[in-house]
Amino acid sequence: MRPLLASAFAVLLLALPAAAQDAPRTITVSGMGEVTAVPDMAFVTLGAQSEAATADEALSATSTAVAAALEVLTGAGIEERDIQTSGISLSPRMVWPTDGTGSPRIDGYVASNQLTVRVRDLTALGDVLDAVVKSGANMLGGVTFALSEPRATEDAARRAAVEDARARAELYASAAGVTLGAVQQISEDSFAQPMARMMAAEASMADAAPPPVAPGELTVSARVQMVYAIGE
C-alpha cells in the first residue's frame, strides 16, 4: 500500500503546477461615478408640542394645532397621500426635589404630534412653512430635498462608475505590460442618493416673513466592482 500512496502523492504534486497555470488571469478594479441633479421635491417634518397640567389638556392642545396645520396644508394644495403622521407622544413632566431627597413628582404633561409632508412644488415651500407656523405649529424639524424621478440620474451615475472602472483597468494593464481582455464580472458595490438637508428651524415667530428656500443640488453616487480577463 505504501508504494501506491507514494505514487498518488507524486501525481498530485505534479498536477498542482498545471492547475495553477490553468487558473484565469484577471484584473479586479472598483469604479466610482457621481452625478449632480437639482431636486424637485422636499420632505418637511413639522408639528406641535404642548404642555399642560393634565394629559388630556396637553394632548387636546396639540391635536388642535395639528388639525389647523392639516387644514392649511390641504388648502395649499398638498394631497392627502403626501401627508403622514410620523410621531405622537405624551409624557409626564417630572420635577425632582431641590434638596435631593424624596421622590420626583409629576408637574404636568408634554404632548407632541409630528407630520412628515412631501411638497412637490418647491416654489411654494417657503409659503407653506410660513402658513403652517402661523396656524399654530411650533415644531419644524427640518427640510430634506429629493428627486421625484431618480432613475435617470441613478443610471447616469452607474454608467460613470463603469467608465471609471474601465479606465482604471486599462491603466493597470498598461502599467503591467499586458493587454486588457473581456469583462468577466460586474457587481454593484453600493449606491446612494443622498438627500440635501436644511437645518432645523425655530417655529416661534408667527409674524416672521416666509423663510427663503434654496434647494441647491443633490449628488447621486454609484460604485461598481469589475473583473477583467488579462489578454494573451
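Quick grid of which residues meet (1) assigned to a loop (DSSP other than H, G, I, E, B); (2) within 30 Å of G31 (Cβ to Cβ); (3) under 30 Å from the mean Cα position of the chain (by Cα):
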| site | (1), (2), (3) |
| --- | --- |
| M94 | no, no, no |
| D99 | yes, no, no |
| I106 | no, no, no |
| T144 | no, yes, yes |
*Do you know which of the residues in region 146-174 that are out of contact with any helix residue (DSSP H, G or I) (no Cβ under 8 Å at 6 or more places or on another chain) and not in a helix (DSSP H, G or I) is nearest to M32 (Cα to Cα)?*
P150
*Would a scan of region 90-100 turn up a residue that is loosely packed, with under 14 Cβ neighbours inside 10 Å, at pLDDT 95 or above and small (G, A, S)?*
yes
*Please go through region 37-51 and pick out each residue that is surrounded by 17 or more Cβ atoms within 10 Å (Cβ to Cβ) and over 15 Å from G136 (Cβ atoms).*
A37, P39, M41, A42, F43, V44, T45
*Tell me, please, whether a residue that is among the basic types (K, R) and part of a strand (DSSP E or B) can be found in region 108-118.*
yes
*Would you please name the residue that is modelled with the highest pLDDT, looking only at residues in region 3-46 that are more than 30 Å from Y228 (Cα to Cα) and of a type in the set (S, T, Y)?*
T45
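The values are calculated or read from the model by the stated rules, or taken from the named source; none is laboratory data. Nothing here was measured: the structure is a model prediction, and the numbers come from that model. Neighbour counts are summed over all protein chains in view; Cβ atoms, including those assigned to glycine, are modelled from backbone coordinates with ideal geometry.
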